[in-house]
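Visitor: The structure under discussion is supplied below as structure tokens; questions concerning it will follow.
No lab work stands behind these numbers, since they all come straight from the coordinates. Given the structure is predicted, the values throughout are model-derived calculations rather than measurements. Ideal geometry is used to build each Cβ from the backbone, glycine not excepted, and the neighbour counts take in all protein chains shown.
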Ligand SMILES: [Zn+2]
Ligand SMILES: [Zn+2]
């Protein structure tokens, strides 16, 4: 996929966040401050202090807004949904080279809440994806019992399962068994 490291990281963060939601078929895996703290650590989200119950509520609402962008029926709808999210987000571009990283752009203000941080960085990444006409890469898993979202980074946009090691394998084994039965 012709995207830079920051964009790939932001999209991967979005996928992980959305997939914590029960809207994607499983149980809610972002139910407490410990899970939220794990999420912040997993994605090395910078400048975030102690997370609060208010952060948790805001981030849980945000994952639903991102989910609606992933599951939009067409690109114009995705644009409307993303614009709605962006209009509610304070976006402040700022060059930084914190923690030994090379110079890069943050889209959240230095004092941003966790919600504003994620909404700005992921919102801008999704905006660039739409501008590049790559909206189709935002997918939902094709396995019948899985509604996890993923970003198809394959060259020919052919990926249909959220994770080839789990859902991909499962579905191949099921297809193989079905063939053997006839
Ligand atoms: Zn950074
Ligand atoms: Zn899946």
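Visitor: Once every DSSP H run of n ≥ 4 in the chain is given -39500 (n - 2.57) and the sum is divided by its residues, what mean residue ellipticity at 222 nm do you get, rounded to the nearest 500 deg cm²/dmol?
Guide: -15500 deg cm²/dmol
Visitor: Residue 155 versus residue 98, label points 7 Å from Cα toward the beta carbon: distance in nm?
Guide: In this crude label model, residue 155 to residue 98 measures out at 3.8 nm.
Visitor: Going by the alpha-carbon gyration tensor, a ≥ b ≥ c the square roots of its eigenvalues, is segment 49-182 rounded (a/c under 1.5) or, if a/c is not under 1.5, prolate (a/b greater than b/c) versus oblate?
Guide: prolate
Visitor: Which distance in Å, rounded to a whole number, links the C-alpha centroids of segment 30-94 and segment 152-182?
Guide: Rounded to whole Å, the Cα centres lie 29 Å apart.
Visitor: Which one, 125, 109, 78, has the greatest fluctuation when you compute a Gaussian network model over the chain with C-alpha springs under 10 angstrom?
Guide: Residue with maximal mean-square fluctuation among 125, 109, 78: 109.
Visitor: Turning to a different aspect of this structure: Out of 121, 38, 55, any idea which swings most in a Gaussian network model of the chain, alpha carbons joined below 10 Å?
Guide: Comparing 121, 38, 55 in the GNM, the peak value goes to 38.
Visitor: If you rank 104, 98 by fewest surrounding Cβ atoms within 10 Å, what's the result? Provide the component values of the computation, followed by the final result.
Guide: Details: 104 13, 98 9.
Fewest-to-most ranking of 104, 98: 98, 104.
Visitor: To continue, here is another question. Sort 113, 87 so the one with the fewest other Cβ atoms within 10 Å of its own Cβ comes first.
Guide: Working: 113 18, 87 7.
Ascending number of Cβ neighbours within 10 Å: 87, 113.
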